[in-house]
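For reference, the structure I am asking about is given below.
No value in this document is a laboratory result; all are computed from the given coordinates. What you see is a predicted model, and the numbers here were worked out from it, not measured in a lab. Neighbour counts run over all protein chains shown; Cβ positions are idealised from the backbone, glycine included.
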Amino acid sequence: MIQRAFEEDFSGLSACFTGRAAGDRPKWGILKPGRPERGEFRLYMPVQKHTGRVLKVTGKTPEREVADAVVTSERGLLLGVRVADCVPILLFDPDTPAVGAVHAGWRGTALVILRTAINRMVSEFNSVPERIHIAIGPSIRGCCYNVGPEVVESLSGTVSGHQGWMTTRGGVPHIDLAAVNRLQALEAGVVGRHIRVVPECTFCRHETYFSYRKEGPGAGRQAAFIGLNHGPLGAKGG
Ligand SMILES: [Zn+2]
């Protein structure tokens, strides 16, 4: 399954979330060139290490750089992150234009990597947070993500309050990383109507999505991809 990331039809933008049916890394080669929309893309995926590092990617950026978020304003670059339960987040500034892809597990979320990526788009591309659109892809949600108190503590400082992202069931805290990241985006100035959260939980829906918690270290990875097509934004059929 490959689903479009944004509900709006942004011509000139390619952005999607994959699932189990799109396969793991070896099969993603089908995405270049010509997928998910027509156009020659160079695929760029950073080496993810649960850091808070945001990398600005250009046509000259070497492969295999360590980062957990990537941003670019160059056309023809398809940015990707890979996840299984962690939160994939795509960013789009239609004005510059510029795009970003973020991998946010609990460590990255505690390191406010999404906010760092937004700030990087502001400093590098003069993006305005109120104009940035964000799509938060399928991830393990509060229904299934039970964690230790140290995780709750590390996330608490990143947003005001626990409302909407933390519940306690059977004495065990459960957290919703997608909700934490949404709050972080709001606090960074992104407006609510520009934030889409895919509701599905990867653990509940493990027949559709890879889930690390469900399958263990051997779990495959789904991906989130975003790129500016070569054609100008606004051009039909881009
Ligand atoms: Zn669930």
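Can you give the relative contact order of the chain as a percent, counting alpha carbon pairs under 8 Å and 6+ residues apart?
Computed value for the chain: 29 percent relative contact order.
A further question follows. Of Val87, Leu114, Val128, which is farthest on the positive side of the dipole of the chain, counting Cα position, with +1 on Lys and Arg Cβ, -1 on Asp and Glu Cβ, and the Cα centre as origin?
Val87
While we're looking at this one, here's another question. Hey, if you put +1 on the Cβ of every Lys and Arg and -1 on every Asp and Glu Cβ in the chain, which of Gln222, Val71, Ala101 ends up farthest toward the positive end of that dipole?
Gln222
So how compact is the range 151-223: Cα radius of gyration and Dmax in angstrom?
14.3, 38
In addition: Which ³J(HN,Hα) values, rounded to whole Hz and listed in residue order, are derived for the range 210-221 from phi using the Karplus coefficients 6.51, -1.76 and 1.60 in 6.51 cos²θ - 1.76 cosθ + 1.60 with θ = phi - 60°, glycine and proline given as x?
So the Karplus estimates, Gly and Pro as x, are 5, 9, 5, 5, 7, 10, x, x, x, 4, x, 10 Hz.
Using the charge dipole of the chain (Lys, Arg: +1 at Cβ; Asp, Glu: -1 at Cβ; taken about the Cα centre), state which of Gly142, Met1, Asn181 has its Cα farthest towards the positive end.
The residue sitting farthest along the positive end of the dipole is Met1.
Based on other C-beta atoms within 10 Å, arrange Met121, Met45, Met166, Met1 from fewest to most.
Final ranking by Cβ density, sparse to dense: Met1, Met166, Met45, Met121.
Okay, which of the range 104-121 sit inside 14 Å, backbone N to the point 7 Å along the Cα-Cβ direction of Val66?
none
If you place +1 on the Cβ of every Lys and Arg and -1 on the Cβ of every Asp and Glu, how big does the dipole about the Cα centre of the range 102-238 come out, in debye to the nearest 20? List each step's numbers first, then the result.
Details: 14 positive and 9 negative charges, 60 e Å.
So the dipole magnitude of the range 102-238 works out to roughly 280 debye.
7 Å from Cα along Cα→Cβ at both Gln163 and Glu215: what's the point-to-point distance in nm?
3.8 nm
List Val122, Val71 from most exposed to least, where exposure is judged by having the fewest other Cβ atoms within 10 Å.
On the way: Val122 17, Val71 25.
Listing Val122, Val71 from fewest to most nearby Cβ atoms yields Val122, Val71.
If you average the alpha carbon positions of the range 111-161 and of the range 36-76, how far apart do those two centres end up, in angstrom?
Using only Cα atoms to place each centre, the spacing works out to 19 Å.
Which value, in Å³ per residue, describes the convex hull spanned by the Cα atoms of the chain?
Hull volume over Cα atoms, normalised by residue count, gives 112 Å³.
Going by C-beta contacts inside 10 Å, put Asp176, Asp9, Asp85, Asp95 in order with the fewest on the left.
Fewest-to-most Cβ neighbours within 10 Å comes out as Asp9, Asp95, Asp176, Asp85.
How far, in nm, would the chain grow between Arg193 and Cys143 when pulled straight, counting 0.36 nm per residue and subtracting the alpha carbon separation?
In short, 15.6 nm is gained.
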